[in-house]
Amino acid sequence: MDLSPREPGVGAAPPVRSSTARRRWVSIGILAAVIVAGGVVVTQFLSSAIDYYCNVDEVGERDGCEADRRLRVQGTVEQGSIKQAAGTTTFLISFNAKNLDVRYDGDPGGIFQECIPVVAHGRLVNDVFLSDRIEVKHSNTYVAKNEDRMDEAEAAADACSRVG
Amino acid sequence: MSNAQTSVPPPTRTATTRNLGLIAILGSVVLALLGLFFTAEDVVQGSSVRIMYVHVPTAWVAYLAFVFTAVCSAGYLRGKKHSLNLDRLAGASAEVGVIFMGLTLVTGSLWGRLSWGTYWDWDPRLTTTVFLFVTYVGYLAVRGLGGTQQQRAKRSAIVALFAVIEIPLVHFSVLLWRSLHQEATVLRPNGDVRMDGLMLFSLVFGVAVFTVIFAWLVLHRNRVLALVDAVEMRGIDAALAARHAEGVPT
């Protein structure tokens with residue numbers, strides 16, 4: 001039975017089908033966009049997310065962490081290693097007793113500090129990792145600041161033990 | 001063509017829904033006070049940690065919504081009557097879940113900018129979360145593909161049962177792969193909660209408040225969806241009546 005909508009003035013049925021059809025086409029459009037977006041996300045997952053970073057001790061050792069390619073290297077910022085001069089920040093990151101010198105053009109900002117794990121994006125040139133992006137990994141431990149009535153040195157030591 | 005299952009549901013202006021709404025509003029105010037004023041800054045993250053009191057509850061509600069969608073969908077498929085009310089509850093819950101998942105991504109992105117130093121990166125947790133979000137946008141699109149209400153219910157129920165499998169993948173992505181995102185703080189396998197007292201209370205309180213908001217929104221959205229279905233059936237009934245009046249054989 002044909003239940004397609006009437007022309008105005010011909011029948012009494014409300015225009016249910018036309019709005020339903022419009023909704024269907026919108027849904028088909030969204031579904032097509034979802035499939036494309038899903039493809040992009042899966043591609044990013046397989047190419048980037050599944051192996052997000054190499055640890056310092058894996059650079060040049062592990063498959064996918066070859067020293068001659070662009071890398072994301074994870075390690076903990078060594079205490080006392082941060083130096084800032086002429087707009088450049090240099091520091092040492094370590095993991096599993098292996099160290100790596102990092103040079104970053106700029107100030108990493110945010111919560112970047114000693115003893116915190118970071119992921120540095122960049123390339124290894126002459127044993128120095130030239131980074132153009134620093135991401136700070138904060139830990140899953142949360143400590144209220146006002147409960148710590150310790151001096152600055154103790155606070156720093158605490159931060160090292162917590163985030164290292 | 002029966003419209004027995006599309007009759008208008010009882011109004012949401014009941015004492016229960018009014019009270020839920022009231023609790024949601026009051027709870028949100030208390031949560032804002034706790035998050036912005038009463039809880040302390042974190043030693044490492046400073047004030048940016050306050051985003052957590054919204055970010056984590058929105059993620060929790062999104063998970064809850066998608067699981068509820070799956071439970072209702074399973075109930076629809078298993079039930080002998082194939083209740084359209086269960087289907088509408090599933091749809092309402094998924095809509096609310098998508099909104100909260102979107103809020104999770106936005107608040108997470110803002111938090112990421114403050115703590116990681118970037119709004120976005122394709123790390124395992126972020127990538128699987130956005131995939132979950134895209135999947136449920138797709139689920140909502142599937143619901144709008146047309147056909148009868150029973151056809152809509154059946155196909156979307158099947159999609160919901162597959163989609164919910166992604167949730168453990170998202171939750172455990174930080175353990176399965178190397179992630180920029182931190183591991184769980186509260187729901188840890190060894191039960192060791194790594195958060196100070198009032199911060200933890202505020203977080204749990206936030207989860208409770210957002211759960212009430214979720215329930216309130218689903219109740220109202222379910223009624224709207226029932227009204228939409230009822231209008232659709234009424235239109236079809238009217239069209240049928242018009243054809244009958246014209247003497248067209250059925």
Looking at segment A:92-117 only, could you name the residues that are farther than 19 Å from A:ALA67 by Cβ and part of a strand (DSSP E or B)?
A:ASP105, A:PRO117
Pick from B:VAL98, B:VAL61, B:VAL142: which is touching a Phe, Trp or Tyr at 6+ places or on another chain (Cβ under 9 Å), within 14 Å of chain A (Cβ to nearest Cβ) and in a helix (DSSP H, G or I)?
B:VAL98
Just to be sure before I move on: is B:ARG194 over 26 Å from B:ALA32 (Cα atoms) and within 14 Å of chain A (Cβ to nearest Cβ) in the structure I sent?
no
Restricting the first residue to segment B:86-106 and requiring it to be over 18 Å from B:THR127 (Cα atoms), which pairs with a second residue that is polar (S, T, N, Q) and part of a helix (DSSP H, G or I) meet a Cβ separation below 6 Å and a spacing of at least six or different chains?
B:ARG88/B:ASN222; B:LEU89/B:ASN222; B:ALA90/B:THR69; B:ALA90/B:SER73; B:ALA92/B:ASN222; B:SER93/B:THR69; B:ALA94/B:THR69
Which ones in segment B:113-136 are assigned to a helix (DSSP H, G or I), closer than 18 Å to A:SER139 by Cα, touching a residue at least 60 places away in the same chain (Cβ under 8 Å) and not aliphatic (A, V, I, L, M)?
B:SER115
Being modelled with pLDDT under 95 and closer than 27 Å to B:VAL130 by Cα narrows it down to one residue among B:VAL96, B:VAL49, B:VAL61; which is it?
B:VAL49
Take segment B:191-208 and flag every residue that is surrounded by fewer than 21 Cβ atoms within 10 Å (Cβ to Cβ), among the aliphatic types (A, V, I, L, M) and in a helix (DSSP H, G or I).
B:LEU198, B:LEU200, B:VAL204, B:VAL207, B:ALA208
Read through the list (1) within 12 Å of chain A (Cβ to nearest Cβ); (2) at pLDDT 90 or above; (3) more than 16 Å from the chain's Cα centre (by Cα), then give the number of the only condition that B:ALA184 fails.
(2)
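The values are calculated or read from the model by the stated rules, or taken from the named source; none is laboratory data. Keep in mind the model is a prediction, meaning the values are calculated, not measured. Backbone-built Cβ (ideal geometry, glycine too); neighbour counts: all protein chains shown.
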